[in-house]
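Let me begin by presenting the structure, written as structure tokens, before commenting on it.
The values are calculated or read from the model by the stated rules, or taken from the named source; none is laboratory data. Computed from a prediction, not measured in an experiment: that's the story for all the values here. Glycine gets a Cβ as well: all are built from the backbone with ideal geometry, and neighbour counts include every protein chain shown.
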Amino acid sequence: MSIARAVLLSLLVCAGAAQAETPAPLSPVGDVEALATLTGAASRSLRTARAIRGEFAQRRHLAGLTKPLESSGSFLFARDAGIEWHTQVPFDSQFLLTDSGITQRDEGGETLRIDASDQPALSVVSRVFFALFSLDFDALSHDFEMRGAREARGWRLELTPRSDALRKVFRKAALTGDAAVQRVVLEEGSGDSSTIDLSAVEFDARGLTPDERRRF
């Protein structure tokens, strides 16, 4: 599971500020209708979106370090292609996650390619991240126990891994949002904490542009 852990942590690398208000009590999310009711506008937008674009800001807090690791850039998700994670600060790097594997290109032009056929754990990683971006109940419920709540500023969904393999990567993940997923918080088994903040999220029913599709 070491490759899968590296992929997960290369995407989910941020820890955000705690919420000021007392969190609402969580209730089990037992079916697709309950998830749709909980997430409201986000689920409705995702039903017709073939591509999702936005920006991210990341910080990751490591045990023993006083300063977080920070980065920012843009992201692109398409159900029929995969996820592109384009870091622009502090350096330029492109990370592609698809069903067939991962590809990473840095600003020096070097490329790293890992095929899912060589690392079966990557199939789990792809399924998890595709499910997170699309709020796919069937895929999420396969890997996680889900609890959620409506809050004054939107909704909160907490995910607890079902398998020992995923629990080795992280103990809990939490998504918060309103019309779109706005934040993903990850608590790792090692004690480190990570969050990813999403902004300027756009849902596109037309799908990828020709240039975007070529990147995959």
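Restricting the first member to segment 40-54 and to residues that are on the phi < 0 side of the Ramachandran plot, and the second to residues that are surrounded by 18 or more Cβ atoms within 10 Å (Cβ to Cβ) and in a loop (DSSP other than H, G, I, E, B), the beta-carbon pairs closer than 6 Å and six or more apart or on different chains are 42/180; 43/135; 46/135; 51/208. You will find that of 102, 114, the residue that is farther than 20 Å from residue 213 by Cβ and modelled with pLDDT of 85 or more is 114 and no other. If you scan segment 77-94, which residues turn out to be assigned to a strand (DSSP E or B) and at negative phi? Correct list: 77, 78, 83, 84, 85, 86, 87, 88, 89, 93, 94.
Tell me, please, whether a residue that is more than 25 Å from residue 153 (Cβ to Cβ) and modelled with pLDDT of 90 or more can be found in segment 46-55. Checked against the condition, which is being more than 25 Å from residue 153 (Cβ to Cβ) and modelled with pLDDT of 90 or more, segment 46-55 yields at least one hit.
Suppose we keep only residues that are in contact (Cβ under 8 Å) with a residue 40 or more places away in the chain, among the hydrophobic types (A, V, I, L, M, F, W, C) and within 21 Å of residue 182 (Cα to Cα) within segment 151-167. Which one would you say is surrounded by the fewest Cβ atoms within 10 Å (Cβ to Cβ)? Top of the filtered list is 152. A count restricted to segment 77-93 and to residues that are crowded, with 17+ Cβ neighbours inside 10 Å and within 17 Å of the chain's Cα centre (by Cα) stands at 9. Scanning segment 50-76 for residues that are of a type outside the set (Gly, Ala, Ser) and more than 15 Å from the chain's Cα centre (by Cα) yields 50, 61, 62, 65, 66, 67, 68, 69, 70. For segment 43-76, filtered to residues that are charged (D, E, K, R), in a strand (DSSP E or B) and in contact with a Gly (Cβ under 9 Å, 6 or more places away or on another chain), the residue that is surrounded by the fewest Cβ atoms within 10 Å (Cβ to Cβ) is 55.
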